[in-house]
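Below is one structure, written out as structure tokens; comments come after it.
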Amino acid sequence: MKSSFLEKALSRSEKLTKEQIRILLGEVVDANDKLEAALQSMYDGIVVCDLYHEPLFMNKSAERILRIQGTWEGAPLWMSLADEELKDFFYKSLTSEETIMGKEFALQSSGGTRIVAISLSVLISDKGISGTLIHIEDITEKRKRETQLRRAESLAALTTLAAGVAHEINNPLGSISIRIQLLEKLIKAESRNAPAMLKHLGVVNEEIDRLKHIVVDFLFAVRPMDIQLLSENPAEVMEEIAELVQPEVEKQGIALRLELGKNLPQLLMDKRHIKQALINLIQNALAAMTEGGILGLKAEYRDDEVQISVSDTGTGIPEELLTKIFEPYFTTKKSGTGLGLTITFKIIKEHSGDISLESKEGRGSTFTIHLPVPQAEKKSLPRWQDSATDAGSHKEV
Ligand SMILES: Nc1ncnc2c1ncn2[C@@H]1O[C@H](COP(=O)(O)OP(=O)(O)OP(=O)(O)O)[C@@H](O)[C@H]1O
Ligand SMILES: [Mg+2]
């Protein structure tokens, strides 16, 4: 910020009158205020530390993301942090004066887990190294968009998969035609060979069954859906689903917890398909709870959308699989097709909705379907209904 004008003034400071110094200081303060206002209004977090790793400046975003409580002045940065992992990271990287580019952390905030990328670089002034500049970027939304893009791509890949399926179909077809040729030969030679003929026919039947399976599953996943959107009451849909799955849930020794927000708005949906989407999620949830647990079904009106979640207290999903599970044919189950979530995703997309997911290994998973509220419904609802404080009904079934 040192301008050549200021430098010149500084070199002649003895010759300046009091009034000139006052004007000059006024300008410096002004420029400083502007710079500080710009840094304070940044969405990214900025921290400047001196050579003793004590913060000289920290903007509001940095205080919020790092969850600094109280003052950060007069102590090395890591001393003001509560999060052990961050403490350790800043201690090690600041004391070793390393340059770090975008090291990622998953931090807990009041609104859930946020992913932040932290970069450290040395602060160089005319007199050499004078400290460290820390840049903190919240990349949660960026990551979400990337995941969504990947999912959309994998849906597009479904179509390409048609080629793969055609190939799969070709193999049993080849085998079928060989068996048929063999049969023809046998029949031509003599019909005494009935047992051999039946054996070939048995194989032919098996291959045909295999083909049917491949084709039926595949068609279900790629077929354009015949979606008929009607105005429906989401609470009613949830109650019907709960009733439908209750016997299976009970059989597995699992408790069902149904939570319905008050005044859920009517939604445009194809009830049959939405039910299918939910059942796919519930089946996965039940499969993840082999030793009992709680199946949560919840619907609430939040942030201008209805959020319907299916949660379980089961195995959870390892982080490295989180981006894979929506891919067609991805399964970890012996008898799974790996199309359950693909179909659910497709149904939700047909409703202009979205699906998000939180999972912790060993703890369980929550899949949340976000469905838009039609404009007309929004207008007829007072804003105060749109809130997380919406008590609603809550029952253990
Ligand atoms: N609630 C959950 N808990 C743990 N893992 C899950 C959960 N939901 C999905 N998964 C994982 O995602 C994979 C893909 O799920 P998807 O429903 O697409 O197929 P599937 O359940 O394996 O097969 P299908 O639905 O055809 O029976 C599962 O195999 C499982 O590994
Ligand atoms: Mg499934």
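The values are calculated or read from the model by the stated rules, or taken from the named source; none is laboratory data. Note that the structure is predicted; figures quoted are calculated from it, not measured. We place every Cβ from the backbone using ideal geometry, glycine too, and count neighbours over all the protein chains shown. Ligands, DNA and RNA are excluded from the accessible area calculation, which covers all protein heavy atoms including side chains. Shrake-Rupley method; radii C 1.70, N 1.55, O 1.52, S 1.80 Å.
For the range 324-336, filtered to residues that are more than 19 Å from Ala162 (Cα to Cα) and surrounded by 14 or more Cβ atoms within 10 Å (Cβ to Cβ), the residue that is farthest from ligand 1 (Cβ to nearest atom) is Lys324. For Asn193, the stated conditions do not hold, so it cannot be described as modelled with pLDDT under 80 and surrounded by fewer than 13 Cβ atoms within 10 Å (Cβ to Cβ).
Residues that are basic (Lys, Arg) and more than 16 Å from ligand 2 (Cβ to nearest atom) were ranked within the range 261-278; the one that is most open to solvent (accessible area, probe 1.4 Å) is Arg272.
Residues checked against (1) closer than 23 Å to Ser130 by Cβ; (2) open to solvent by 50 Å² or more (accessible area, probe 1.4 Å); (3) without any contact (Cβ under 8 Å) to a residue 12 or more places away in the chain:
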| position | (1), (2), (3) |
| --- | --- |
| Glu7 | yes, yes, yes |
| Gln20 | no, yes, yes |
| Lys34 | yes, yes, yes |
| Ser41 | no, yes, yes |
| Val47 | yes, no, no |
| Leu51 | yes, yes, no |
| Asn59 | yes, no, no |
| Leu66 | yes, no, no |
| Thr71 | yes, yes, yes |
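Considering only residues in the range 337-355 that are open to solvent by 40 Å² or more (accessible area, probe 1.4 Å) and more than 7 Å from ligand 1 (Cβ to nearest atom), the one that is nearest to the chain's Cα centre (by Cα) turns out to be Lys349. Only a single item in (1) within 16 Å of ligand 1 (Cβ to nearest atom); (2) under 22 Å from Val373 (Cα atoms) is not met by Asn263, and it is number (1). I'd like to know if the range 338-352 contains one or more residues that are assigned to a loop (DSSP other than H, G, I, E, B) and within 12 Å of ligand 2 (Cβ to nearest atom). For the range 338-352, residues assigned to a loop (DSSP other than H, G, I, E, B) and within 12 Å of ligand 2 (Cβ to nearest atom): present.
Among the residues here, Thr315 does not qualify as within 24 Å of Leu155 (Cα to Cα) and either part of a loop (DSSP other than H, G, I, E, B) or out of contact with any Asp or Glu (no Cβ under 7 Å at 6 or more places or on another chain) (or both). Among residues of the range 279-318 being within 11 Å of Ile254 (Cβ to Cβ) and among the β-branched types (Val, Ile, Thr), the one that is least open to solvent (accessible area, probe 1.4 Å) is Ile282.
Residue-level check: of (1) in contact with a Leu (Cβ under 7 Å, 6 or more places away or on another chain); (2) surrounded by 13 or more Cβ atoms within 10 Å (Cβ to Cβ), Thr99 misses just (2). Among the residues of the range 96-119, none qualifies, meaning not one is touching a strand residue (DSSP E or B) at 6+ places or on another chain (Cβ under 9 Å), assigned to a loop (DSSP other than H, G, I, E, B) and among the hydrophobic types (A, V, I, L, M, F, W, C).
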